[in-house]
Amino acid sequence: MPTKRNNHRPTAKLSAQPRLHQSANELQPYGTVNHLLPLELEEPVRLEMTEQLNQLLADTMTLRDLYKKSHWQTAGPTFYQLHLLFDKHYDEQVELVDSIAERIQVLGGVSIAMAPDVAETTQIERPPRGREVVPVQLSRLLDAHQVIIGEVRKLARRASTLGDDGTNDLLISEVLRRNELQVWFVSEHLVNVPLVQVKETSRSIGAA
């Protein structure tokens, strides 16, 4: 009687247990770019752009978080309006963070990501942990916007000079225009107009 042949190859032992606590070397060190990307941009150009974009990214992430802090901690008769405005601006800054980080990765670089690294890198002044009055919150936000707008204008001109049109387009079309618009909305809240008190004119008194 012929014997059955076992055609099944031995397989590795399977387990449903997750493999925890894994470690390995970094795929790519921070501050470097991939060498052979077909972007028609030389490596020195991409190194310079990713370094400057990471500075902008750190500052944008700081401004994003400053808006969330203001959203949580604002107070006073304009609480509701500013509570909503700050959160809207936070969401818009989140979008800019993603766009800047993705541009760094597209250029072959490594995006800054973690809060301690951002805190070490940002040029924006750190606020206190406690609550501040609304005018100080607003002024602090405008100061942060000014830092970002200044570096965006400078970096956009540099990107154009180096032929990095993609970075230039991102900076002008998205980052600069969004920050300029937010500056307008925030700065209008610092106009010294009374909330509930006006002086009646003689014409309105006579009409009564």
Legend entry - Checking N25 against (1) buried (at least 20 other Cβ atoms within 10 Å of the Cβ); (2) farther than 20 Å from E125 by Cβ; (3) not aliphatic (A, V, I, L, M), the condition it does not meet: (1)
Inset, instruction - Look at L84 and say whether it is part of a helix (DSSP H, G or I) and open to solvent by less than 20 Å² (accessible area, probe 1.4 Å). - result: no
Inset, instruction - Take the stretch 97-114 and flag every residue that is open to solvent by 10 Å² or more (accessible area, probe 1.4 Å) and either among the hydroxyl-bearing types (S, T, Y) or touching a residue at least 24 places away in the same chain (Cβ under 8 Å) (or both). - result: V97, S99, A101, R103, V106, V110, S111, I112
Inset, instruction - Would you mind listing the helices (runs of 4 or more DSSP H) fully within the stretch 101-208 where at least 1 residues are at pLDDT 95 or above? - result: 115-121, 134-162, 165-170, 177-187
Inset, instruction - Kindly indicate whether E40 is in a helix (DSSP H, G or I) and open to solvent by 80 Å² or more (accessible area, probe 1.4 Å). - result: no
Legend entry - Extreme residue, most open to solvent (accessible area, probe 1.4 Å), among residues of the stretch 58-76 that are hydrophobic (A, V, I, L, M, F, W, C) and within 8 Å of the chain's Cα centre (by Cα): M61
Inset, instruction - Kindly indicate whether any position in the stretch 77-97 is within 11 Å of the chain's Cα centre (by Cα) and within 20 Å of D164 (Cα to Cα). - result: yes
Legend entry - Breaking point among (1) free of Cβ contacts under 8 Å to residues at least 60 places away in the same chain; (2) on the phi > 0 side of the Ramachandran plot, for G163: (1)
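The values are calculated or read from the model by the stated rules, or taken from the named source; none is laboratory data. Here the structure is a predicted model, which is why all the values come from computation and not from measurement. Reconstructed Cβ throughout: ideal geometry from the backbone, glycine too, with neighbour counts over all protein chains shown. Ligands, DNA and RNA are excluded from the accessible area calculation, which covers all protein heavy atoms including side chains. Shrake-Rupley method; radii C 1.70, N 1.55, O 1.52, S 1.80 Å.
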